Amino acid sequence: TLQLRAGTAHVIDVTADIVGANAVRLHHLLPSGIIPKRGEDWSRELFVEGRVTDGRVVVRGPLDRFPFDKAEGVIQVDFDVNNAIVKYSRRWPVATALDGRLKLRGRQVEFKIDRGFISGANIAGAEVTVPDLFTRKRFVRISGTAHGPASSASDIIMASPLKLTKAARIQNVDISGDIEVALDMNLALYRGGPREVLGQALFRGNRIAARQHNIVLENVFGNVSFTRGDWYGEGLTGEFDGSAVGL
């Protein structure tokens, strides 16, 4: 219900239970014009596909005070998302087949992912958080672990802004087998904003071949960390030409 009171601001009082819905249309639940345009665009594009179940939306309070920073009202959104395609950033590859739960409290949006895929890599236990959906300078924070073929890591890098950093050097090597990558990213959703990507790749018996240098390493174990555009190995071991080596 939308209550109109003479001489006062419009007051909204909505409670809706969602048994099943198309995730693509969820942005219609928020009143038009109360989010800065870039925020509206982001919320409209977030879900490319997917179903919503077991949801509830509560919005209550004067519209001119939204999003109720001083407890003038209430905004709460909770729902499960199934088999979704999520476009969390225009510059990064989409996540597919996602199952998880989305929660909105005040200004903060949090999406906890139980399972899904990015460029063929399996992701689990990940979180996507927008601390302030209603500001003009929004950030999205992404943390989680992906496990899959090493080619997936290369695909993610070359389909993202990382291709403009030293990370693009991954194209110079062939890596066999699966790897695990832990990521902690802070990405600005506005033009010219800072982007920080921290992470770690875990090797467990992989084969790494550097084509340009005719170097092949077998049975590689250890971690490679990356931060602010730099990469460095930690405790890496392997075999080169039949001999055990430290890297």
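The values are calculated or read from the model by the stated rules, or taken from the named source; none is laboratory data. From a predicted model like this one, the values you see are computed outputs, not experimental measurements. Don't worry about glycine lacking a Cβ; one is built from the backbone with ideal geometry, like all the others, and counts go over all protein chains shown. We work out accessible area using only protein heavy atoms, side chains counted, and drop any ligands, DNA or RNA first. Shrake-Rupley method; radii C 1.70, N 1.55, O 1.52, S 1.80 Å.
Can you compute log10 of I(q)/I(0) for the chain with the Debye formula, treating each Cα as one identical point scatterer, at q = 0.12, 0.16 Å⁻¹? Per q value, in the given order, log10 I(q)/I(0) is -0.75, -1.13.
For the range 93-175, the ratio of Cα radius of gyration to the globular rule of thumb 2.2 N^0.38 Å stands at 1.25.
Separation of the range 88-129 from the range 155-194 is 17 Å, based on Cα centroids. Only helical runs count toward this figure. For the chain, summing -39,500 (n - 2.57) over DSSP H runs of n ≥ 4 and dividing by all residues gives -2000 deg cm²/dmol at 222 nm. Label reach from Trp231 (point 7 Å along Cα→C-beta): in the range 166-201, amide nitrogens under 15 Å belong to 166-176, 179-182, 198-201. Taking a straight Cα-Cα cut-off under 23 Å and skipping sequence neighbours fewer than 8 places away in the same chain, the lysines within cross-link reach of Lys87 are Lys37, Lys103, Lys112, Lys137, Lys163. Taking every protein chain into account, the accessible area of the chain amounts to 54 square angstrom per residue (probe 1.4 Å). FRET efficiency for the pair Asp80 and Thr165, taken as 1/(1 + (r/R0)^6) with r the Cβ-Cβ distance and R0 = 41 Å, rounds to 0.70. Cα extents for the range 140-223 along the principal axes, largest to smallest and rounded to whole angstrom: 42, 25, 16.
Across the chain, the relative contact order, built from alpha-carbon pairs under 8 Å that are at least six residues apart, equals 11 percent.
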